[in-house]
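> What follows is a single structure, and I will ask about it in a moment.
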Amino acid sequence: MANTAISADVMRGVLEQLPLMSGAIVDDTRHEKVLSYMRLFLHSESAVAQLLQWDVLGVVRRCLEPQMDHRVSAVAVRFLGDMLCAHGGHSAWTALGRDPHVLGWIASSVDSPQALLRLSCLYFVRMAARFNDDEQFAALLQRLDPARLLLRRLLDSSYFVSAEASKLFASLFARADAQLHGLAERMAAWPFPARSAVRQNAVLAVAETLFALGAGARELALRRFTLAQLEPYLFGADRLVRDKALDVLELRLGAADADEALRLVEEMRRKVRADLTPATVLVVLRCLAALVKQQQLRSPNVCQSVVDMALSLLMHLDSPGWEHASVELVGEPTAATKDIAQDIAKALAARPKQAAAVSCECARIVREHCRGQPSRRAAETMYAQLASARVQQHPQLLQLVLDASVRALRGFHSADTRVLPKLIGSFAIRAPGLQGLLELALETLEGDAGFAAQLEPALRVRIADVEWEARDSALECVGRALRTLPWAQTSGLVTRGMIDDAANALADPEEYVRAAAAQLLTAAVERGDAASVHMVERHAGLARDALARVLADSEALVKRAGLDMVCALAARSAGAEWQHALSHRALRVLAEDPDFEVRVRCARLLARLAALEHGGELAGLGELQSGMLLLSMFGDSSRYVRQACLDGACLDGVRELKQQQQDAAGDGEPAANKRPRQTDATRQFYDKLAQVDFRRLEQSLTAEHLYQEALDTQVERELMAEPRAANAGNNILDCY
């Protein structure tokens, strides 16, 4: 839904009920929903002034009382922080200066035993940092002692609290606070805390924050967090610390020069020589991948040598008997990268089970290279890897190789468009790998009108694949192309053979494939030319029984797609088998389907049929009684269905009848004299239509409250039980 604000009356009610939220609520997400709901009110420019008029600070003080549930206190503090950043937030900050209790509570609760309260207080201070030149904020910081506070919270046992502390550190560091500069210097100078992953993460969080800030902070980070300083973190025992250290290394390499790139490669050679354990080998390759990602422009020769090493290892590990052979290096690798490749191959010969993990990291290096400067050698190597049985059996390796191949193809697709259809049509590339190739095919279609004719045979091959995921992906690709690209670019995809395959797929045993086939045919009718529409409506595979089976499918998504297809045919076809696939009973069943999206589409179809039937444009539809069924859906429980009914009443054929009703009511002339000759069924439909209160119907379509609707449909009521009588029934959102 598109709700962006809530009414003042509702917000005032929510605010007054906030201190009364029951402590027996089991689901903590209920409080987060309340906070999100309250934040909607802040979109209004007058929200802060209105909240202050309602004494929002008095409500917050009640929420901060000692006996209050800490979750309610956290909601109040974070909402107060959001007020400071809303339009008119300065007035809220000024009001806080006249109420020392709230700021005093925040300063004393920043070290609360409850992690949620610690997080909320840090969040409030970060929001208040926008007033960093204000004396009131300076007094708050003096009370908090930010250097000591941040040190404690960076070392917090809660990941969420330490992450919020990192954000606050970034906000306060810009104030050129000497204490925070000193804190960063001291933490960078700490000896490596080998036995404390929390301290390691804290140091890396400071480093990451400094690299992400401006020039002055980056200079400090480059000076204090050198490669030698990061090495113990990169090769430590904790995997999460290693991953964070790799992120910091990548940031550092983004500001490094060619000499430092060379030093990193030499350091990686030394590390591999000293320690050939699997963890060390993988970290070395990840470091080299970060180097290639960040230094391709500054150090192209160094990066190319690393890529050549990765390609050599990939080909080596895919060759028969690689355990007993030496690596044959391609390109012009440096002495350092040669040694790294030989040492890794030697380590893998003793641990062949690690070969797949090493191949993943090598493919990651090639992928990063192809992201910026794809080479033909890399592209050809990746093509060969895609057909490898070893690659097909390892999903992560397949995805990395495919990503590299797609990036390489993006660099050369203007000259090698024949390669892409060949890869798509290869059964060696299974469903997970096919997705990326189809995405690239859509991009190529957008810029090359003749590519559709080359792509169509390959897609038809995959529509016949034994894997249902591949069939589904190929059908979805055609449908998406027809819906999103101009007809001139995609007309080559809509051939007699493609329509045959899509019609046959309507009987596929997999529901996703049946739905994708119906969506393809819908797109061909909606976006195609007259010849394409004729091919679909006259196709033998779309006879009345076939369409009837689609509309009576056991799966809702297939029925949705089938209704879309019939509606498209009704809009563009002069009449064919699709009419005979419909019956009053079938339409009534669809109008009462449990799935509201099926009912929405049914309402659209009924409106189209009613316009055709009562407008006299198409004979033989009277027995469907589509108009009466449409009118019966005006009282549907779903507002989306009611909206579809109202939209349907605005179709040309139905609008004429509605206009006749209004004209007759306006001048007193008998309605029978204002409209053409009608059948009894049309007259009955007209009389029923005249009884519809369209104004009231439109009023019933205003959006229900976003979170109330979500709670009604997604929250288990038994989890929300509130046994304490004092607070019974005050879950706030239940009241509105």
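The values are calculated or read from the model by the stated rules, or taken from the named source; none is laboratory data. The shown structure was predicted, so the numbers you read here are calculated from the model rather than taken from an experiment. Here the Cβ positions follow ideal geometry from the backbone for every residue, glycine too, while neighbour counts run over all protein chains shown. When the accessible area is computed, the model is the full protein with side chains, heavy atoms only, and any ligands, DNA or RNA have been set aside. Shrake-Rupley method; radii C 1.70, N 1.55, O 1.52, S 1.80 Å.
> Would you mind checking LYS244/LYS271; LYS244/LYS353; LYS422/LYS559; LYS33/LYS244; LYS271/LYS353 for any pair whose Cα atoms are more than 23 angstrom apart?
LYS244/LYS353; LYS422/LYS559; LYS33/LYS244
> While we're on this one: Determine ³J(HN,Hα), in whole Hz, for all residues of segment 510-517 in sequence, where each value follows from phi through the Karplus function 6.51 cos²θ - 1.76 cosθ + 1.60 and θ = phi - 60°; x replaces Gly and Pro.
In residue order, the calculated couplings are 9, 5, 5, 5, 4, 5, 5, 5 Hz.
> If you don't mind, there's one more thing I want to ask. Two decimals, Cα atoms only, Kirkwood Rh: what is Rg/Rh over segment 561-609? Kindly include the intermediate steps, with their values, before the conclusion.
Values: Rg = 10.3 Å, Rh = 10.9 Å.
A ratio of 0.95.
> How far apart, in nm, are the 7 Å Cα→Cβ label points at LEU442 and GLU185?
Label-label distance for LEU442 and GLU185, simple model: 5.4 nm.
> Also, I was wondering about something else. Of the accessible area of segment 48-194, with the probe set at 1.4 angstrom, what percent is carbon plus sulfur?
The C+S portion of the solvent-accessible surface of segment 48-194 is 53 percent.
> Determine the per residue accessible area of segment 443-494 with all protein chains present and a 1.4 angstrom probe, expressed in square angstrom.
40
> Output ³J(HN,Hα) for segment 79-86: one whole-Hz value per residue in order, computed from phi by the Karplus curve 6.51 cos²θ - 1.76 cosθ + 1.60 with θ = phi - 60°, and x for Gly and Pro.
5, 4, x, 5, 4, 5, 9, 7
> Which GluC sites (Glu not before Pro) from segment 315-366 combine a DSSP loop assignment with at most 10 other Cβ atoms within 10 Å?
GLU328
> Considering the Cα trace of segment 452-533, what is its radius of gyration and what is Dmax, both in angstroms?
When restricted to the Cα atoms of segment 452-533, Rg and Dmax are 11.4, 34 Å.
> Moving on to the next point. Determine the gain in length on full extension of the stretch GLU135-ARG538; use 0.36 nm per residue of separation and subtract their C-alpha separation, reporting nm with one decimal.
Difference between extended and current length: 137.2 nm.
> Which of the trypsin sites (Lys or Arg not before Pro) found in segment 97-139 are in a DSSP loop and have at most 15 neighbouring Cβ atoms, other than their own, within 10 Å?
Working: sites: ARG98, ARG118, ARG126, ARG130; in loops: ARG98.
When the trypsin sites (Lys or Arg not before Pro) of segment 97-139 are filtered for loop state and at most 15 Cβ neighbours within 10 Å, ARG98 remain.
> Right, something else. Is the C-alpha gyration tensor of segment 57-171 telling us rounded, prolate or oblate? Criteria: a/c under 1.5 is rounded; beyond that, a/b larger than b/c is prolate, otherwise oblate.
Details: a/c = 1.62, a/b = 1.13, b/c = 1.43.
Oblate.
> Give the value in nm², to one decimal: projected area of the alpha carbon convex hull of segment 261-351, averaged over all directions.
5.3
> Based on the mean of other Cβ atoms within 10 Å per residue, sort peptides 557-563, 42-48 so the most packed one is first.
557-563, 42-48
> Please compute the per residue accessible area over segment 227-284 with all protein chains in place, 1.4 Å probe, rounded to a whole number of Å².
Averaged over the residues of segment 227-284, the accessible area is 44 Å².
> Please work out the Cα center distance from segment 379-394 to segment 64-93, rounded to the nearest Å.
Comparing the Cα centres of segment 379-394 and segment 64-93, I get a distance of 55 Å.
> Please report the carbon-and-sulfur percent of the accessible area for segment 224-339; probe 1.4 Å, protein heavy atoms only, DNA, RNA and ligands left out.
Details: 2470 of 5010 Å².
So the carbon and sulfur contribution to the accessible surface is 49 percent.
> If you don't mind, there's one more thing I want to ask. Based on the Cβ-Cβ distance from SER638 to LEU52, what FRET efficiency comes out when R0 is 35 Å, to the nearest 0.05?
So the FRET efficiency works out to roughly 0.35.
> With a point put 7 Å past each Cα toward its Cβ, work out how far LYS353 is from ASP111 in nm, to one decimal.
Going from the LYS353 label point to the ASP111 one covers 4.9 nm.
> Using a probe radius of 1.4 Å on heavy atoms only, what accessible surface per residue do you get for segment 315-368? Whole Å² is fine.
Here the residues of segment 315-368 average 46 Å² of exposed surface.
> Could you go through segment 477-485 in sequence order and give the Karplus-derived ³J(HN,Hα) for each residue, using 6.51 cos²θ - 1.76 cosθ + 1.60 with θ = phi - 60°, rounded to whole Hz, and x for Gly and Pro?
After applying 6.51 cos²θ - 1.76 cosθ + 1.60, I find 4, 5, x, 5, 4, 5, 7, 10, 10 Hz.
> Stretch HIS101-GLU32 to full length: gain in nm at 0.36 nm per residue minus the Cα-Cα span?
Extra length available between HIS101 and GLU32 comes to 22.4 nm.
> Oh, and also: Distance from the Cα centre of segment 104-135 to that of segment 461-485, in angstrom?
About 53 Å separates the Cα centre of segment 104-135 from the one of segment 461-485.
> Would you tally the net charge around ALA568, using a Cβ to Cβ cut-off of less than 12 Å, leaving ALA568 out, and scoring K and R as +1, D and E as -1?
Value of the local net charge: +3.
> As an exercise, use a Förster radius of 25 Å and the Cβ-Cβ distance of LEU262 and GLU219 to find the FRET efficiency, rounded to the nearest 0.05.
0.70
> Let me ask another. Starting from the Cα-Cα distance between ALA384 and VAL466, subtract it from 0.36 nm times their residue separation and give me the gain in nm to one decimal.
Extra length available between ALA384 and VAL466 comes to 27.2 nm.
> Sticking with this structure for a sec: Please label the shape of segment 176-309 as rounded, prolate or oblate, based on the square roots a ≥ b ≥ c of the eigenvalues of the alpha-carbon gyration tensor (a/c under 1.5 means rounded; beyond that, a/b larger than b/c means prolate, else oblate). Present the calculation step by step, with values, prior to reporting the outcome.
Details: a/c = 2.38, a/b = 1.31, b/c = 1.82.
The shape class here is oblate.
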